[in-house]
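The values are calculated or read from the model by the stated rules, or taken from the named source; none is laboratory data. Quick caveat: nothing in here was measured; it's all calculated off a predicted structure. Here Cβ is always computed from backbone atoms with ideal geometry, including for glycine, and neighbour counts include all displayed protein chains.
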Amino acid sequence: MKKALPLTITLGSVLIVFCIILTILWNYILIRNYSSIKQFDNSDGSFQLIMLILGSFFFVVIITGVVLFIVFLARQIILNQLQNNFIDSVTHELKTPLTSIKLYIETMKKYDITKEKKDIFLNNMLKDVERLDILVNHVLDATKIENISKDYNLKEISLNEVIDEVVEIISRRHNLVKENFSFDLKIDKIISDKTALELVIMNLIDNSVKYSNSDLHIEIKSYLQNNKIFISIKDSGVGIGKNEIKKIFNRFYRIPSKITQDKKGTGLGLFIVKENVKNLKGNIEVHSEGLNKGTLFNIILPNKIIL
């Protein structure tokens, strides 16, 4: 499958070049013959001219068809590769916590362990369950976004409250402390859908934690600019290459880097973020100076602020 894409592009490019060369030669021969025939033929040569025009038109149609076929085929190959990567990731993400939970349960049934050990086992099992819950929710959210026109419940919400709840969940999930975060929140009451906004901020902060090093620090800001509401999330993590920024919101896409591939995921988190922000009539920007230089995400929402 990995060799299919370059082979398809190479073969298609060769076919296109052959078609163009054939078209040029064919037109050259016809035009030359048409000029020669005109010298000895008293007819107006309209038939030859029509054949020349029709032939050129159909060659252009054929070349266009070949190009479109190659483009669609290449897209399908890429999608198949991404889906295979997604299935591999999901399979691993499902099996690992399930195996861990099974092992803890069997150990607790087989041995008479102390309360302290039991508490440790239960906490670890809870983390595994949360990991499974995140995975299932990602898949379900991605399916709902694509196949259902979701009616968002737009009402007055507290942005500060949403951020506090998300940070608390992320901190508990990853054993973080308050020093890992800094806040500059200048907007509180806004009109939005609380569930959708929580999902967006949750995925962005979770990614910031996942793709950061030991010196984790996340800056969260909210402010008004150009009559738009900005929610910015900046981390000190691995960053994103400039050529990858346009691809990271694609479904199933994961950056092909040794640094990022070591981190397990489904490639659905940022896709869900993009679709939710779009459904909230907003936009999202990404800024990164490159690998190991951190990333800044700006969520830009319509100005429905309540003063």
* **Entirely in the range 145-253, the strands (runs of 3 or more DSSP E) that have 1 or more residues that are touching a Pro at 6+ places or on another chain (Cβ under 9 Å)** => 189-192, 228-235
* To do: Determine the pairs where a residue that is surrounded by 13 or more Cβ atoms within 10 Å (Cβ to Cβ), located within the range 101-130, has a partner that is among the β-branched types (Val, Ile, Thr) and not in a helix (DSSP H, G or I) with Cβ atoms under 9 Å apart, the partner being 6 or more residues away or on another chain.
  => THR107/ILE113; PHE121/ILE113
* Out of the residues in the range 131-153 that are aliphatic (A, V, I, L, M) and at pLDDT 70 or above, which is surrounded by the fewest Cβ atoms within 10 Å (Cβ to Cβ)? -> VAL136
* List pairs: first in the range 171-192 and loosely packed, with under 12 Cβ neighbours inside 10 Å, second aromatic (Phe, Trp, Tyr), Cβ under 6 Å, 6+ apart or cross-chain? -> LYS186/TYR223
* Out of LEU25, LEU73, which single residue is surrounded by fewer than 14 Cβ atoms within 10 Å (Cβ to Cβ) and either at pLDDT 70 or above or not assigned by TED's automatic domain parsing to the domain that holds ARG172 (or both)? -> LEU25
* Look through SER214, SER208 and report the one residue that is in the same structural domain as LEU176 (by TED's automatic domain parsing), small (Gly, Ala, Ser) and surrounded by fewer than 21 Cβ atoms within 10 Å (Cβ to Cβ). => SER214
* To do: Would you mention how many residues in the range 171-198 are closer than 26 Å to LYS281 by Cβ, under 26 Å from the mean Cα position of the chain (by Cα) and of a type outside the set (D, E, K, R)?
  => 4
* **So GLY267, is it at pLDDT 85 or above and part of a loop (DSSP other than H, G, I, E, B)** => no
* To do: Answer yes or no: is there a residue in the range 214-229 that is out of contact with any strand residue (DSSP E or B) (no Cβ under 7 Å at 6 or more places or on another chain) and modelled with pLDDT under 85.
  => yes
